[in-house]
Amino acid sequence: MASGAYSGLPTYSFSAMMLAHHEDQEKKVEVEQMLIDFGFLKTMGISLTEGRYFSTDYGSDLANSCILNEVAVKALGIKDPIGKKIGEQTIVGVVNDFYLHSFRSDIPPLKIALTEKYLKQIAVYYKDGSAKNLIPQLEKSWRKIAPEQAFSYSTVEEIIEGFYSEEKSRYSIVSIFAFFTMLIASFGLFGLTLFIAQSRTKEIGIKKVLGCSDTIIIFSFLRINILYVVIASVISIPITFYTMTEWLSNYSARTEIHWWIFALSFLIAGIVVTATVFIHSYHATKLDPVKSLRYE
């Protein structure tokens, strides 16, 4: 299938108009307009919730018909929209909401109308794997229709990649920094734990002389280090949550920040600390108490 439009999907283009609210004529609603030809909605796979698509079977569709999205129906306060008037045009259908622009913006109220004069792009629906054979055919046909204009094309995937190139670059940078941060933190944690264990070697010797078991000594090490993990989590989690919430607020379509992400981070940090501390403290408890007391 193939069809034309003033601008394809998704689009950077923005064309808006002010329309009167259906129940309160004094209230004005900003509505974007999308100009297409008869088969564009079907080509793009945009489905109807009620009514019909534009059709050449209806001679009045080109000049006197329009289609709204669900957001526009709600924003304009229209009940039972099929057959209702918007200016000189009759509403013949309502389509499911779809993203006209990027995920950074909400789905706007949208009025879709037909045009023959302002078609600037052609949308082509093709099956996966057929692009290599299809593009030369399209270029050949284009040269016959418009030999004075250069043939250019882009896939939906390329357009979407262009929309989110900034996020892709940021993701790469953040991933690299996160990896090295985790690496440095792991080495730091290992070194700090080793230093604490060595600095308490004499304390371990005294406890063993006084009759403390290895289990009690190891537990005392674990308790204080787990406390450090808890304190670090209490400080870092609110900051991380606030930062991520502020960043996600730039997008209309966004994921939720679930509590289990922070719980998992705490669990991983706890496991790393517990394993490291246990190894060092277990090794320290096996030293000869006499050597431990002489340790400086």
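Could you list, in sequence order, the residues of the stretch 40-51 that are in contact with a strand residue (DSSP E or B) (Cβ under 9 Å, 6 or more places away or on another chain) and open to solvent by 30 Å² or more (accessible area, probe 1.4 Å)?
Step one: list which residues in the stretch 40-51 are in contact with a strand residue (DSSP E or B) (Cβ under 9 Å, 6 or more places away or on another chain), which gives 40-44, 46-51.
Within the stretch 40-51, Lys42, Met44, Ser47, Leu48, Thr49, Glu50, Gly51 qualify.
Mind listing just one residue for me: the one in the stretch 70-85 that is in a helix (DSSP H, G or I) and open to solvent by 10 Å² or more (accessible area, probe 1.4 Å) and, of those, farthest from Asp24 (Cα to Cα)? Let's see the steps before the verdict.
Just the residues of the stretch 70-85 that are in a helix (DSSP H, G or I), to begin with: 70-75.
Imposing the further condition that a residue be open to solvent by 10 Å² or more (accessible area, probe 1.4 Å) reduces the set to 70-71, 73-75.
Numbers: Glu70: 19, Val71: 17, Val73: 14, Lys74: 13, Ala75: 12 Å.
Applying the filter and picking the extreme gives Glu70.
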**Residue satisfying all of: in the stretch 164-188; more than 21 Å from the chain's Cα centre (by Cα) and open to solvent by less than 100 Å² (accessible area, probe 1.4 Å); farthest from Ser265 (Cα to Cα) among these** = Gly188
**Request:** Among the numbered conditions (1) exposed (fewer than 10 other Cβ atoms within 10 Å of the Cβ); (2) at pLDDT below 85; (3) part of a helix (DSSP H, G or I), tell me where Asp128 comes up short.
**Result:** (3)
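Keeping to the stretch 221-260, report how many residues are in contact (Cβ under 8 Å) with a residue 60 or more places away in the chain and closer than 21 Å to Tyr171 by Cβ. If you could, list the steps in order and put the result at the bottom.
Just the residues of the stretch 221-260 that are in contact (Cβ under 8 Å) with a residue 60 or more places away in the chain, to begin with: 221, 250-254.
Remaining after also requiring closer than 21 Å to Tyr171 by Cβ: 250-254.
So the count comes out to 5.
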**Asked** Of all the residues that make up the stretch 13-29, how many are open to solvent by 100 Å² or more (accessible area, probe 1.4 Å) and closer than 18 Å to Ile112 by Cβ?
**Response** 2
**Message:** Looking at Ile67, Ile112, Ile107, Ile36 in this structure, which one is touching a residue at least 12 places away in the same chain (Cβ under 8 Å), in contact with a Ser or Thr (Cβ under 8 Å, 6 or more places away or on another chain), hydrophobic (A, V, I, L, M, F, W, C) and buried (at least 20 other Cβ atoms within 10 Å of the Cβ)?
**Reply:** Ile36
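Is it the case that Ala197 is open to solvent by less than 70 Å² (accessible area, probe 1.4 Å), in a helix (DSSP H, G or I) and modelled with pLDDT of 75 or more? Step through it out loud before you land on a result.
Numbers: open to solvent by less than 70 Å² (accessible area, probe 1.4 Å): yes; in a helix (DSSP H, G or I): yes; modelled with pLDDT of 75 or more: no.
Spelling it out, it is not the case that Ala197 is open to solvent by less than 70 Å² (accessible area, probe 1.4 Å), in a helix (DSSP H, G or I) and modelled with pLDDT of 75 or more.
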**Request:** Return only the number of the condition from (1) over 27 Å from Leu134 (Cα atoms); (2) modelled with pLDDT of 90 or more; (3) out of contact with any helix residue (DSSP H, G or I) (no Cβ under 9 Å at 6 or more places or on another chain) that Leu41 does not satisfy.
**Result:** (1)
**Item:** Close pairs from the stretch 261-286: first in contact (Cβ under 8 Å) with a residue 24 or more places away in the chain and of a type outside the set (A, V, I, L, M), partner open to solvent by 70 Å² or more (accessible area, probe 1.4 Å) and not in a loop (DSSP other than H, G, I, E, B), Cβ under 8 Å, at least 6 apart
**Value:** Phe262/Phe241; Thr276/Phe190
**Prompt:** Would a scan of the stretch 252-269 turn up a residue that is in a helix (DSSP H, G or I), at pLDDT below 85 and open to solvent by less than 50 Å² (accessible area, probe 1.4 Å)?
**Reply:** yes
**Prompt:** Taking the stretch 131-151, which residues are among the small types (Gly, Ala, Ser), under 16 Å from Lys120 (Cβ atoms) and either assigned to a helix (DSSP H, G or I) or modelled with pLDDT of 85 or more (or both)?
**Reply:** Ala150
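The values are calculated or read from the model by the stated rules, or taken from the named source; none is laboratory data. Fair warning: this is a prediction, and the values are worked out from it, not measured in the lab. Every residue, glycine among them, receives a Cβ derived from its backbone with ideal geometry; neighbour counts consider all protein chains shown. Please note that ligands, DNA and RNA were not included when accessible areas were found on the heavy atoms of the full protein model with its side chains. Shrake-Rupley method; radii C 1.70, N 1.55, O 1.52, S 1.80 Å.
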